[in-house]
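The values are calculated or read from the model by the stated rules, or taken from the named source; none is laboratory data. Being a predicted model, the structure only gives us computed values, none of them experimental. Cβ placement follows ideal geometry from the backbone for every residue including glycine, while neighbour counts extend to all protein chains displayed.
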Amino acid sequence: MLQHLRLFALAALAVTAASAGASDLYRGHDPAPPKVILDTDFNTISDDGQALAMLAQLDAAGKLDLLGVAVATGNAWLEQETSDALKAVERLGIERSIGVYVGAKYGLLHDYAAYLDEVATFGPPVDYVGAFSSPPPTSPSDLVAPPDGFATHTVPQRQHAVDFMIEQIHRYPHQVSILEIAPPTNLAMAIRKDPSIVPLIKQVVTMAGQIYVPGNAYNDAAEFNWWADPEAVKIVLRAPIPKVIVPLDLTNNVPLTKPVFQQIAYHQPATPITKLFADAYAPFFGSAPPPYPLFIWDTTALAYLVDPTFATATRDLWVDMDTTFDANYGKSIVYDTNPKPAIPLLTQSKVVLAFDTARFYAFYADLLTRPVPVHLSHGHTH
């Protein structure tokens with residue numbers, strides 16, 4: 001309980017302030033492993049939780065250097081996500097090397113009251129709304145433990161996620177990639193707090209947005225990560241940083257199939273990750289077909305970050321964000337050419353539209369079935 005009280009205090013503060021066979025799956029040839037900050041709206045074993053497990057395994061294999069985990073409200077409220085992330089680093093055995101940094105509890109403008117106004121104005125949601133499905137928690141007793149219990153000894157870092165991002169980007173200029181699989185509130189705040197980081201960021205790779213397909217949040221106009229904080233998205237999209245967008249146009253074609261589920265869930269020897277995965281997804285793969293399609297989201301962006309050859313079709317587009325409070329709030333605005341070439345407003349993004357799905361499935365299943373605890377390849381501690 002003491003730990004969860006500290007967790008709550010830090011979250012409140014935030015409101016104001018690899019195996020041998022992998023060589024065939026991974027074709028990256030960086031002379032030095034890329035340095036990565038995971039910015040996540042964390043969950044235990046859905047896409048964000050899977051991404052952390054895969055990042056840890058890639059770090060252990062020397063394929064990347066995971067600097068830390070920054071958390072922002074999205075799938076759940078900040079306190080719940082932070083609690084789940086603390087348990088995750090313990091579960092993976094990386095808690096002494098990888099810190100969990102508490103970030104933004106609310107979007108820049110899109111907070112719970114704004115969501116209630118949205119519902120009052122445009123009607124109730126027809127699709128996913130993440131944390132907004134319930135009011136913010138008010139005490140540690142509102143937190144729900146993962147299936148294997150709360151973290152027992154790990155607490156959040158004292159440094160705010162925004163300051164952690166800024167510090168690491170300055171420490172490793174032109175080397176840090178942001179794996180952005182959350183509403184990008186933390187990154188937008190970092191850009192505004194210290195604009196000097198913008199030319200120092202190697203790249204932002206994000207699973208977010210929709211280009212030519214419908215969305216999957218609220219009224220299906222927008223993709224969830226971007227609908228949750230459109231104002232932050234606009235800041236990031238307009239910053240002159242190399243950006244890669246992995247949108248719903250791609251992930252709609254990467255379903256979690258029953259053979260892939262079975263490969264992970266029935267893997268022997270079992271691990272804490274495969275057990276959680278099996279328990280979470282088994283109800284969808286019973287005697288009847290899944291009640292709705294299951295897709296693989298955030299881990300596709302991770303795959304691209306470590307190996308861009310997973311992409312089989314990309315387009316360089318000018319992508320902006322609709323922040324007008326109407327039925328298209330949070331929807332991507334897409335141009336084939338710069339709509340205002342005389343004004344340094346928008347910057348180009350590389351949009352990934354198709355994947356080598358067979359190789360991705362092998363990569364995905366391999367990393368999620370490797371031994372746990374994970375023994376990281378680097379020596380940094382927090």
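Brief remarks follow.
- Residue in the range 200-215 that is in a helix (DSSP H, G or I), at pLDDT 95 or above, in contact with an Asp or Glu (Cβ under 9 Å, 6 or more places away or on another chain) and small (Gly, Ala, Ser) present: no
- Residue within the range 358-369 that is surrounded by 15 or more Cβ atoms within 10 Å (Cβ to Cβ), in a loop (DSSP other than H, G, I, E, B), modelled with pLDDT of 95 or more and not β-branched (Val, Ile, Thr) present: no
- Residues of the range 73-126 classified as at positive phi and among the aromatic types (Phe, Trp, Tyr), total: 0
- Some residue of the range 152-163 being farther than 22 Å from Ser97 by Cβ, in contact with a helix residue (DSSP H, G or I) (Cβ under 9 Å, 6 or more places away or on another chain), in a loop (DSSP other than H, G, I, E, B) and modelled with pLDDT of 95 or more: no
- Those residues of the range 188-214 which are surrounded by fewer than 23 Cβ atoms within 10 Å (Cβ to Cβ) and either basic (Lys, Arg) or farther than 30 Å from Arg171 by Cα (or both), in sequence order: Arg192, Lys193, Lys202, Ile211, Tyr212, Val213, Pro214
- Residues satisfying the stated conditions in the range 95-142, i.e. closer than 29 Å to Tyr292 by Cα, among the hydroxyl-bearing types (Ser, Thr, Tyr), outside any loop (DSSP other than H, G, I, E, B) and under 24 Å from the mean Cα position of the chain (by Cα): Tyr112, Tyr115, Tyr128, Ser133
- Flag for Ala9 being surrounded by fewer than 20 Cβ atoms within 10 Å (Cβ to Cβ), at pLDDT 95 or above, of a type in the set (Gly, Ala, Ser) and more than 29 Å from Arg359 (Cα to Cα): no
- Any chance Val374 is in contact with a Gly (Cβ under 9 Å, 6 or more places away or on another chain) and buried (at least 22 other Cβ atoms within 10 Å of the Cβ): yes
- Within the range 14-61, restricting attention to residues that are part of a loop (DSSP other than H, G, I, E, B), among the hydroxyl-bearing types (Ser, Thr, Tyr) and under 15 Å from Leu367 (Cβ atoms), the residue that is modelled with the highest pLDDT is Tyr26.
- If the condition is being touching a helix residue (DSSP H, G or I) at 6+ places or on another chain (Cβ under 7 Å) and more than 15 Å from Phe325 (Cα to Cα), then the range 98-124 contributes Ile98, Val100, Tyr101, Val102, Gly103, Ala104, Lys105, Tyr106.
- Residue check, Asp194 in contact with a Phe, Trp or Tyr (Cβ under 8 Å, 6 or more places away or on another chain) and of a type in the set (D, E, K, R): no
- Elements of type helices (runs of 4 or more DSSP H) contained in the range 227-346, each with 1 or more residues being small (Gly, Ala, Ser): 230-238, 258-265, 272-281, 298-306
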